[in-house]
Amino acid sequence: MAIAAGLWGTDGLLRLPLAEELPAATVVFWEHLIVAVVLLPFLPSALRALARCGPREWGAVLLIGGGASALATALFTAAFQTGDPVTPLVLQKFQPLFAMVAAFALLGERLRAGYLVFAMPALVGAWLLSFSDPLDVEVSALRTALLALGAAALWAGGTVLGRFVSASLRPRDVTALRFTIGLPVAAVIVAAQGSPFAVGWDNATGLVLLALVPGLLALSLYYVGMQATPAARATLAELAFPVTAAMISVTVLDADLTVTQWLGLVVVVCSITALGWHERSRPTKVVLDPEPVGAGR
């Protein structure tokens, strides 16, 4: 799992050069096309499994592919075009916070007041990280943060919807359907923005590596690791993601963070990690299972 999280940390190294050369929508389209082609042999069985599902599962899969895959990745890529490479990667750690809120709204899970103990420091850390001077809000920095947080929120929604369809579909089926459904949505985004579909051969290697390394390979390793790794240890292993991302951004991508931004990075990582550790290892949770009647399942 640490290897998977470390591979996610290389996302900025591969995405930033592409974001400087190509529109965000074009990068996302090719990501989906490459992975969809690789997963094509698994698509027939995934479609057969989906055909046996009801309209709620169909709707969830469509939202996963269109929102959590295509639109979220487009927002995430756009964040690299407007700001430093560290902020989007670290703000991605907000997914657990958003996932808990989405689980409350969509699955009927309940949040205790203790949730704010972890959420408030994380929000403060995000503010410190997003602005080089936390008392001087810049519009460009705010846009970068909002794009990154929007992507994290959509990915969190996809996680919750994936949990919903997991009773009917295998993870492999969901992954194949996610990228296959996301591909036409990504194409629509390209067309709507007037971006080009064609890319030069000089970007081909970067696109393939981006789709397969922090994309498909990391996701596959993560699922394998989750099957054999205690949850509390998994939380620590996931720290390889922001640490790797920050180190690559500062040493390779020439990102320059202020003291308050480094402080914000540490606060975000520690707050989200503490939340994950608490929920996976402590008997008293801040997120409770849904009531049998109110869950609507």
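The values are calculated or read from the model by the stated rules, or taken from the named source; none is laboratory data. In this text, all values refer to a predicted model and were calculated from it rather than measured experimentally. So basically every Cβ, Gly included, is an ideal-geometry build from the backbone, and we count neighbours across all protein chains shown.
Brief remarks follow.
- Qualifying residue in region 87-103 (condition: at pLDDT below 90, buried (at least 24 other Cβ atoms within 10 Å of the Cβ), outside any helix (DSSP H, G or I) and over 12 Å from the mean Cα position of the chain (by Cα)): no
- None of Gly66, Gly12 is over 12 Å from Gly182 (Cβ atoms) and buried (at least 20 other Cβ atoms within 10 Å of the Cβ) except Gly12.
- Region 34-49 - residue that is within 19 Å of Leu14 (Cβ to Cβ) and in contact (Cβ under 8 Å) with a residue 40 or more places away in the chain and, of those, surrounded by the fewest Cβ atoms within 10 Å (Cβ to Cβ): Val38
- For Leu107, the conditions (1) of a type in the set (A, V, I, L, M, F, W, C); (2) at pLDDT 80 or above; (3) in contact with a helix residue (DSSP H, G or I) (Cβ under 7 Å, 6 or more places away or on another chain) all hold with the exception of (2).
Okay, residues lined up against (1) within 18 Å of Leu7 (Cα to Cα); (2) modelled with pLDDT of 85 or more:
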site: Arg163; (1), (2): no, no
site: Ser168; (1), (2): no, yes
site: Val185; (1), (2): no, yes
site: Val190; (1), (2): no, yes
site: Met226; (1), (2): yes, no
site: Ala231; (1), (2): no, no
site: Thr244; (1), (2): yes, no
site: Ile272; (1), (2): no, no
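- Scanning region 40-69 for residues that are more than 18 Å from Ala167 (Cα to Cα), hydrophobic (A, V, I, L, M, F, W, C) and at pLDDT 90 or above yields a count of 3.
- From the list Val185, Val165, Val208, Val160, the one residue that fits, being in contact (Cβ under 8 Å) with a residue 40 or more places away in the chain and over 25 Å from Ala78 (Cβ atoms), is Val165.
- Annotation: of all residues in region 151-181 being outside any helix (DSSP H, G or I) and small (Gly, Ala, Ser), the one that is nearest to Ala68 (Cα to Cα) is Ser166.
- Single match in Glu57, Glu21, Glu31 (criterion: charged (D, E, K, R) and buried (at least 24 other Cβ atoms within 10 Å of the Cβ)): Glu31
- Residue pairs meeting the criteria (Cβ under 6 Å; at least 6 apart or on separate chains; first under 17 Å from Gln95 (Cβ atoms), in region 50-75; second modelled with pLDDT under 90 and surrounded by fewer than 15 Cβ atoms within 10 Å (Cβ to Cβ)): none
- For region 113-122, residues that are at pLDDT 75 or above and surrounded by fewer than 16 Cβ atoms within 10 Å (Cβ to Cβ) total 4.
- Number of the exception - Thr235 against (1) crowded, with 19+ Cβ neighbours inside 10 Å; (2) over 17 Å from Asp11 (Cβ atoms); (3) at pLDDT 75 or above: (3)
- 2 or more residues of a type in the set (Phe, Trp, Tyr): qualifying helices (runs of 4 or more DSSP H) within region 1-76: 24-38
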